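Accompanying notes for the structure given below.
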């Protein structure tokens, strides 16, 4: 028996490594869930060569998506500041990496200063046989089952913020997870959608069984999608504005600041990381904040409060002007902004046409 099997919870090809106890999980109201591949780490599973390269890499050789390590540390620091006395940080990672890589992934995260509550791996090496190669890149059933299994470990009223990318249908996965938890889908419709996405019969049964034990409550507060494959951002409006596609971690940091999950200084740190370590320039940062205002995502008060700090740190020019005026927020819940003036799309779509793909 492989050593990792003695430390993991294994359900088919879903492998969970838990690093905290049940009581710790049960007392955490806010949980972050981060897809590792192309969202935190620059990994490739589209080919055997890519999978083999990922397996052979040492922990320190694994490359971050630009700015992600700084961003996650900033989220950790802000969360700990808001929860005085807590030295942990409620973040889980999901990866298509095989469980044999769990030690390397954990070492890489520790190298970045991140100690997650748990890590999901996919037992993908079993899919290397000729008859199962197609399953290497089929992640919807795997990730959906992982999310539902995790939901059983968390409080009934948990709030989750999820990160993914546009290369593995993460928007579909996270939105479908939300719809299943909220019971916005009839069982027959859910089965039809899962089969459309090539989720196999046994995994469909596992997903439906898990759903029987999950509270009827939508735990998803927000979803971020890293546009790694350069998908049109407007595509995601079909899911509602709760899903925010971003082109870089600076845009992520700006929206997290608007939702009071980061401080101004932490937004600056993310931007400086991009400039100093990833070749970003002032023009790229200006285009990024301007693009969020045009969509519109950032409210006028958010821009008014963060812009002077960015200009003081010479990340935005003092002469910079937005291409359109920022709009006012007209709907919020505490620090969370839900709607700006002139926006017509709902925060969460009551009915998503999952079968229509128009990216």
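All of the numbers you see were taken from the coordinates with simple rules; none came from a lab. Predicted model, so just to flag it, every value in this text is computed and none were measured. Because the Cβ atoms are built from the backbone with ideal geometry, glycine has one as well, and the counts that use them run over all protein chains shown.
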Given (1) 27, 45, 22, 6, 0; (2) 29, 60, 11, 0; (3) 26, 52, 20, 3, 0, the label whose value is P(r) over Cα pairs in 20 Å bins from 0, in percent derived from this model: (2)
Expected max-MSF residue from 37, 157, 123 in the GNM of the chain (alpha carbon, under 10 Å) is 157
Roughly how tilted is helix 170-182, in degrees to the nearest 10 and between 0 and 90, from the longest Cα axis of the chain? 80
Gaussian network model of the chain, Cα springs within a sub-10 Å range: biggest mean-square fluctuation belongs to which of 16, 237, 162? 237
Once you place label points 7 Å from the Cα toward the Cβ at residue 330 and residue 63, how far apart are they in nm? 4.5
With 10 angstrom as the radius, rank 112, 30 by how many other C-beta atoms surround their C-beta, starting from the fewest. 30, 112
Per DSSP helix of 4 or more residues, -39500 (n - 2.57); summed, then divided by the residues of the chain. What does that give at 222 nm, rounded to the nearest 500? -11500 deg cm²/dmol
Against the longest alpha carbon principal axis of the chain, how many degrees, from 0 to 90 and to the nearest 10, is the axis of helix 68-82 turned? 80
By how many degrees, between 0 and 90 and to the nearest 10, does the Cα long axis of helix 201-212 differ from the longest principal axis of the chain? 60
Antiparallel versus total DSSP beta bridges in the chain: what percent is that, nearest 5? 35
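Is the shape of segment 258-341 best called rounded, prolate or oblate, per the rule: a/c under 1.5 gives rounded, else a/b larger than b/c gives prolate, else oblate, with a ≥ b ≥ c the square roots of the Cα gyration tensor eigenvalues? Could you put the intermediate results ahead of the total?
On the way: a/c = 2.11, a/b = 1.51, b/c = 1.40.
It comes out prolate by the Cα gyration axes.
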Say we join alpha carbon atoms closer than 10 Å with springs in a Gaussian network model of the chain; which of 28, 344, 11 then has the biggest fluctuation? 344
